[in-house]
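Take a look at the structure below.
No value in this document is a laboratory result; all are computed from the given coordinates. Computed from a prediction, not measured in an experiment: that's the story for all the values here. Every residue, glycine among them, receives a Cβ derived from its backbone with ideal geometry; neighbour counts consider all protein chains shown.
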Amino acid sequence: LHSAPQPDWVCSLAYSPDGTTVAVGLSNSDVRLLWAGDGAHFQTLTGHTNWVYAVAYSPDGQTLATGSDDKTVRLWRLSDGVLLHLAPQPERVWSLAYSPDGTTIAVGLDNSTSLWSRGGPSDVRLLWACDGAHFQT
């Protein structure tokens, strides 16, 4: 068991599909990538402007989705940390999940849920959104 001290509050965690890395969403708006074996930090993804409440690896482990109190979902290419897509949201993002085939991302907001289709690394579009009273496609 290893402990990996972080520079700020830890808001979210996710293991990579192969179990070799851990993504950590922080209250300082950064996402840190750590080696699972020893907790060593090896990459920081920057761009969010508020707490990162959600992190999710794509099933192939090549992309990381992050969601924040800044009302954005961001997709990052993990091989080099490049931001592939930024999707503004109407509310803060609390949770994210990829479908098993990696083509859809579920997004949980303050009072609504949406599904986004991922046709390619930067091709992301809304499939539907629902706030409990209204449904949008």
>> Quick one: 3J(HN,Hα) in Hz for the stretch 34-44, Karplus 6.51/-1.76/1.60 with θ = phi - 60°, rounded, Gly and Pro as x.
In response: 10, 6, 5, x, 10, x, 5, 6, 10, 7, 10
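Full extension from Asp80 to Cys130: what is 0.36 nm times the residue separation minus their Cα-Cα distance, to one decimal in nm?
Working: separation 50, 0.36 × 50 = 18.00 nm, distance 3.42 nm.
Computed gain between Asp80 and Cys130 is 14.6 nm.
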> What does the highest-first list of 25-32, 43-50, 5-12 look like by mean Cβ count within 10 Å?
Replying inline: 25-32, 43-50, 5-12
>> Give me a comma-separated list of calculated 3J(HN,Hα) values for the stretch 95-108, in order, Karplus coefficients 6.51, -1.76, 1.60 applied at θ = phi - 60°, integers in Hz, x for any Gly or Pro.
In response: 8, 9, 8, 7, 5, x, 8, x, 8, 9, 10, 8, 10, x
